[in-house]
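Visitor: Sharing a structure, written as structure tokens. Questions coming.
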Amino acid sequence: MSDQEYAERVRSMERKLYRIAHAILWNDADCADAIQEAVFKGWMKKGGLRDERYFETWLVRILINECRSIIRRQRLAPLPLDDGAAAGRAAEPDVDLYLRAALMALPEKYRVPLLLHHLEGYDLNEVAQILKLTPTLVKSRLHQARKLLRKYLNAGDESA
């Protein structure tokens, strides 16, 4: 894969990479760092990619590893919605804030498969490949994530 092909494929994934990084880190600066580092590491190791059909899942896997490295280095868990993020979305309905808060409350092991599958459109096998899990475990985590999400959202309705 040439440098130009690599750059074009990365550009086409730009928004997806941000959404995935944001699902893990919930901090714009950390997301930018993770994406930049993942794209650089991918570029350095692009010769090791055996099959270009798997470029997207390969780069997403690098990004997820980089996000986890950032969390380990900073020793912080995903942050709750800060006032700046809420202020920037003042026009959005409250339902979105409840959903974001409920998603944020999910443990990473449930949140990431849920977002990869439902928001990014990866099928179960692709999610399993990206996260290095079995498809059965991915199904189980998706089920648990939906169950927890439903619980968090229902708890929000009762408190309103």
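Visitor: Given the criterion modelled with pLDDT of 90 or more, of a type outside the set (Ser, Thr, Tyr), surrounded by 15 or more Cβ atoms within 10 Å (Cβ to Cβ) and under 30 Å from Arg150 (Cβ atoms), identify the matching residue among Leu116, Leu63.
Guide: Selected residue: Leu63, the only one of Leu116, Leu63 that is modelled with pLDDT of 90 or more, of a type outside the set (Ser, Thr, Tyr), surrounded by 15 or more Cβ atoms within 10 Å (Cβ to Cβ) and under 30 Å from Arg150 (Cβ atoms).
Visitor: Condition first: assigned to a helix (DSSP H, G or I), hydrophobic (A, V, I, L, M, F, W, C) and under 16 Å from Tyr152 (Cα atoms). Now tell me which residues in segment 100-114 satisfy that. Can you show your working first?
Guide: So the first thing to find is which residues in segment 100-114 are assigned to a helix (DSSP H, G or I), and the list is 100-105, 108-114.
Going one step further and asking which of them are hydrophobic (A, V, I, L, M, F, W, C), we end up with 101-105, 112, 114.
Within segment 100-114, Ala101, Ala102, Leu103, Met104, Ala105, Leu114 meet the criteria.
Visitor: Could you identify the single residue in Ala160, Ala101, Ala155 that is modelled with pLDDT under 75, surrounded by fewer than 12 Cβ atoms within 10 Å (Cβ to Cβ) and outside the structural domain of Arg53 (by TED's automatic domain parsing)?
Guide: Ala160
Visitor: Here's a check for you: in segment 1-17, which residue that is in a helix (DSSP H, G or I) and in contact (Cβ under 8 Å) with a residue 40 or more places away in the chain is surrounded by the most Cβ atoms within 10 Å (Cβ to Cβ)?
Guide: Among those residues, the one meeting the criterion is Leu17.
Table: residues versus (1) under 15 Å from the mean Cα position of the chain (by Cα); (2) in the same structural domain as Glu5 (by TED's automatic domain parsing); (3) surrounded by fewer than 19 Cβ atoms within 10 Å (Cβ to Cβ); (4) at pLDDT 85 or above.
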{"site": "Arg19", "(1), (2), (3), (4)": "yes, yes, yes, yes"}
{"site": "Ala23", "(1), (2), (3), (4)": "yes, yes, no, no"}
{"site": "Ile35", "(1), (2), (3), (4)": "yes, yes, no, yes"}
{"site": "Ala38", "(1), (2), (3), (4)": "yes, yes, no, yes"}
{"site": "Trp43", "(1), (2), (3), (4)": "no, yes, yes, yes"}
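Visitor: Then there is this: So which residues in segment 48-60 are touching a residue at least 12 places away in the same chain (Cβ under 8 Å) and either assigned to a helix (DSSP H, G or I) or surrounded by 17 or more Cβ atoms within 10 Å (Cβ to Cβ) (or both), if there are any at all?
Guide: Those that are touching a residue at least 12 places away in the same chain (Cβ under 8 Å) and either assigned to a helix (DSSP H, G or I) or surrounded by 17 or more Cβ atoms within 10 Å (Cβ to Cβ) (or both): Glu52, Tyr54, Phe55, Glu56, Thr57, Trp58, Leu59, Val60.
Visitor: Have a look at Ala77, Ala90 and point out the one that is part of a loop (DSSP other than H, G, I, E, B), more than 22 Å from Asp33 (Cα to Cα) and modelled with pLDDT under 80.
Guide: Ala90
The values are calculated or read from the model by the stated rules, or taken from the named source; none is laboratory data. Just so it is clear, the model here is predicted, and its values are computed rather than measured. Neighbour counts are summed over all protein chains in view; Cβ atoms, including those assigned to glycine, are modelled from backbone coordinates with ideal geometry.
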